[in-house]
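To keep things clear, I will list the structure first and then write my remarks on it.
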Amino acid sequence: MLLGAHIGISGGLENAPDTARRIGCEVMQIFSKNQRQWKVPELSPSVAEEFRHHVKSAGIQAVGVHASYLINLGSSDPLLQRRSREALVEELVRADALGAVGVILHPGAHVGAGKEQGIANIVQGAVEALEATKALKAHLILEIAAGAGSTLGQTFEELEEIGRRVDRDDRLGYCVDTCHVFAGGGDFRTADGYAGMIDQIRNTIGLKRVEFFHLNDALFPPGTHKDRHANIGKGEIGAEPFRRLLTDPNFRNIPGVLETPLDEDEKEPYSAYLRDLAILRDLLHSKAKA
Ligand SMILES: [Zn+2]
Ligand SMILES: [Zn+2]
């Protein structure tokens, strides 16, 4: 697996690749804009070009763009639904201009309308966004949810159903977040547990469709559906179980990024990432303890 982290863009989008390189990332994830606002100025072609140039010069091998948390394709509210679909199109356009592999999206929540309706809304929204951007390369990458509240896509089966109904295999992929899988009850800490998770992926979305990983430890035990990330080795998963995933030949050269909590360290805002990346690298390259 190729390792990296989610990098902030407050210092300028075009500077994020150099920050990523400085802390030792091979890959990175960003928000392509202020993710708390619906409307932002358009991405200028010169900023996009500068960003791509910096990605190249910093040796970053893949960029993922995380979609705004405001987007909820699952909503049945007409205004939120329309805004979400429009915003997703914009996310795909920006990601494509930045040379990113795709937009990583939480599928959405039904907010009371029921699972069936929520999934139908997500499918319709995804189809529309992919149709509106069909000339682009950037993928839509659906992230498995931890399953809090009415969020959808919390199992590989549910993700598979959404993907099958969207029926756009050429530009649809999936993101596996280790904290979300674990929170959803996927306890992959043991060899058997890990094999079970791999079987589930193989039998649903397919191993080849996993295009991105979020590498997070989890603050709460499996099955609690709480989406609270912890630093690697500081949560309920622990560091060692990440070894099987990192060294799994099924996921060779697939990007995996940290979204773990950062300390308030004035000298090095990414000191927690530095520690977490060092732990992951060690697991990736050292032999398992007997
Ligand atoms: Zn995530
Ligand atoms: Zn999360």
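Bear in mind that the values in this text are calculations on the coordinates, not laboratory data. All values reported here derive from a predicted model rather than from experimental measurement. Note: ideal-geometry Cβ built from the backbone for every residue, glycine included; neighbour counts use all protein chains shown.
Just a few scattered comments:
- Helices of the chain meeting both criteria, an alpha-carbon length of 27 angstrom or more along the long axis and an average Kyte-Doolittle score not below -0.5, with helices taken as full DSSP H segments, are 78-97.
- Distance in nm between pseudo-label sites at Ala278 and Arg202 (7 Å out along the Cβ direction from Cα): 3.7 nm
- Looking at the stretch 116-250 alone, DSSP beta bridges between its own residues are antiparallel in about 20 percent of cases.
- Amide H within-cut-off set for Gly108, under 5 Å, with H built and near neighbours excluded: Leu152
- 26 Å Cα-Cα threshold exceeded, pairs from Lys56/Lys137; Lys39/Lys234; Lys234/Lys267: Lys39/Lys234
- Restricting the stretch 192-286 to trypsin sites (Lys or Arg not before Pro) in coil, as DSSP defines it, with at most 12 other Cβ within 10 Å: Arg252, Lys267
- For the chain, averaging the sequence separation of C-alpha pairs within contact (under 8 Å, six or more residues apart) and dividing by the residue count gives a relative contact order of 16 percent.
- Scanning the chain for GluC sites (Glu not before Pro) that sit in a DSSP loop and have at most 13 other Cβ atoms within 10 Å, the longest stretch containing none of them is 43-263.
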